[in-house]
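Let me begin by presenting the structure, written as C-alpha cells, before commenting on it.
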Amino acid sequence: MPLLVTGTIGIDTVHTPSAKAEGVSGGSCAYFAAAAAFHHKPIRVVGAVGGDWPREHAILLESIEGLCLEGLERRTDSKTFAWGGRYFDNMNQRETLFTELGVLEEAPPEVPSSYADSRIIFLANSHPSVQLNLLNEFPKRELAVADTMDLWITIAHEELLALFKEIDGLIINDSEAEQLTNQSDSIAAATELLQFGPEFVIVKKGEHGSVLVHPDGTLVLPAFPLEQSNVVDPTGAGDSFAGGFLGHLASCDTYDFKAMKEAMAWGTITASFTLQSFGLDGLVSTTQPQLKERMQAFKQLASVD
Ligand code: AMP
C-alpha cells in the first residue's frame with residue numbers, strides 16, 4: 001500500500017526557553033516521512049529544496065531506510081523553505097518568527113510516474129493550492145489526509161476550504177481548529193470541521209494529547225508523559241504524529257475506526273521521540289525496539305482495566 005507525502009523540506013531555526021538551534025533539518029514533509037518509515041515502506045516523498053539545502057540534511061534524509069526520494073527536486077538556483085519559531089515557557093505554545101517560502105513560491109514539484117499507484121496521500125503543511133494540485137494527480141487514491149497551519153488559514157482561506165471538500169481526513173492543531181471554527185473545545189471544533197468536507201478530523205493538543213472524531217465514534221488519547229528534561233524541541237511533533245498514524249494505517253491496509261484508534265496510539269508514540277532532540281535527530285536516533293517498548297508502556301498507562 002504505497003504511501004505518498006508532499007509538504008515542506010525546510011531549514012529551521014528554533015528558540016526554546018533554554019536553547020537555540022539554527023539551521024536544523026525540518027519541514028513538514030521531512031518529519032512526516034521520517035516518522036512514517038518506522039511503520040511502513042516505501043514512503044514516497046514529493047518536495048523541492050534549493051541550492052542552499054545543507055549537505056548534512058541530505059545525508060540525514062538519505063540515511064532513513066524506506067524513504068523513496070525520487071520525487072525530491074533539487075533546484076540549484078532556488079532557496080530552500082526556511083522557518084523560525086520561538087517556544088514560550090510551557091513549550092506548548094509558540095510564535096512564528098519568520099517564514100521564507102523559497103521554492104514554495106515556484107512551480108510545485110513534479111510527481112514521478114513511478115508514484116502513480118500511490119493509494120494513501122498525506123498533504124503535509126504547504127500552500128493549499130499546492131496540496132490540491134497534488135491531490136488531483138491521484139484520482140484512484142483510497143485515503144487522502146491533510147494538515148494545515150495558521151499562515152495558510154490567514155492568507156489562503158478560500159483555497160483551504162476548496163481542499164477540505166476533497167480530503168477524507170484532516171489532522172490539525174487545537175489552535176488552528178479554534179482559528180477555523182471559533183470553538184475552543186477540541187471535540188466541538190472537530191465536529192464542526194466535519195461540515196467542511198472531511199470524513200474524520202483529528203485535533204492535536206500538544207502535551208494534552210489528541211482527539212479523533214469519526215462517524216463511528218470519538219477517541220480521546222493522552223500524550224505520552226515525557227520527563228520535562230526530555231522535552232527539548234516540540235517542532236515537527238504534529239507531523240511525526242501524522243506519520244505514525246498514517247504509517248500504521250498503510251501497514252494494516254484498513255482505514256476503519258478500530259484501525260484508526262490503534263494508529264492514534266502509534267502517532268502519539270512516534271511523536272514523543274521527535275520531542276527529545278532538535279530537528280530530525282530524535283526520530284533518526286530511535287530504534288524499532290524503543291518504539292515498541294514505549295508503546296507497551298503507553299498501553300498500560302492509558303488502560304483502566
Ligand atoms: P509542527 O511542529 O508539526 O507544526 O511542524 C513544524 C515544521 O513545519 C517545521 O519543521 C517547519 O519547517 C514547517 N513549517 C512551519 N511553517 C510552515 C508552513 N507555513 N507551511 C509548511 N511547513 C511549515
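The values are calculated or read from the model by the stated rules, or taken from the named source; none is laboratory data. These numbers come from a predicted model, not from an experiment. As a convention, Cβ positions derive from the backbone with ideal geometry for all residues, glycine included, and neighbour counts pool all protein chains shown. The area values use the complete protein model at the heavy-atom level, side chains included, leaving out ligands, DNA and RNA. Shrake-Rupley method; radii C 1.70, N 1.55, O 1.52, S 1.80 Å.
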Look through Leu280, Leu221 and report the one residue that is open to solvent by 10 Å² or more (accessible area, probe 1.4 Å) and in contact with a Ser or Thr (Cβ under 7 Å, 6 or more places away or on another chain).
Leu221
Tally, over region 11-33, of residues that are under 13 Å from Arg94 (Cβ atoms), away from the ligand (no atom under 12 Å from the Cβ) and of a type in the set (Ser, Thr, Tyr)
1
Please state which of the following conditions Asn92 fails to meet, knowing it meets all the rest: (1) surrounded by 14 or more Cβ atoms within 10 Å (Cβ to Cβ); (2) of a type outside the set (Val, Ile, Thr); (3) more than 16 Å from the ligand (Cβ to nearest atom); (4) modelled with pLDDT under 95.
(3)
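What strands (runs of 3 or more DSSP E) lie completely within region 104-182 and have 2 or more residues being hydroxyl-bearing (Ser, Thr, Tyr) and either closer than 25 Å to Gly206 by Cα or touching a Gly at 6+ places or on another chain (Cβ under 6 Å) (or both)?
Working: elements: 120-123, 143-147, 169-173.
Hits in region 104-182: none.
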Any residue at all in region 57-67 that is in a strand (DSSP E or B), free of Cβ contacts under 8 Å to residues at least 40 places away in the same chain, away from the ligand (no atom under 16 Å from the Cβ) and buried (at least 19 other Cβ atoms within 10 Å of the Cβ)?
yes
Just wondering, is there one or more residues in region 146-169 that are more than 12 Å from the ligand (Cβ to nearest atom), of a type in the set (Phe, Trp, Tyr) and more than 24 Å from Gly209 (Cβ to Cβ)?
no
Condition check: touching a residue at least 24 places away in the same chain (Cβ under 8 Å) and crowded, with 18+ Cβ neighbours inside 10 Å. Does Pro112 satisfy that?
no
Between Val203, Val232, which is under 17 Å from Trp266 (Cα atoms), within 16 Å of the ligand (Cβ to nearest atom) and in contact with a helix residue (DSSP H, G or I) (Cβ under 9 Å, 6 or more places away or on another chain)?
Val203
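For every residue, the table says whether it meets (1) closer than 23 Å to Tyr87 by Cβ; (2) open to solvent by 20 Å² or more (accessible area, probe 1.4 Å); (3) hydroxyl-bearing (Ser, Thr, Tyr).
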residue: Asp168; (1), (2), (3): no, yes, no
residue: Ile171; (1), (2), (3): yes, no, no
residue: Ala177; (1), (2), (3): yes, no, no
residue: Glu192; (1), (2), (3): no, yes, no
residue: Gln195; (1), (2), (3): no, yes, no
residue: Glu199; (1), (2), (3): no, yes, no
residue: Glu207; (1), (2), (3): yes, yes, no
residue: Ser210; (1), (2), (3): yes, no, yes
residue: Pro215; (1), (2), (3): no, yes, no
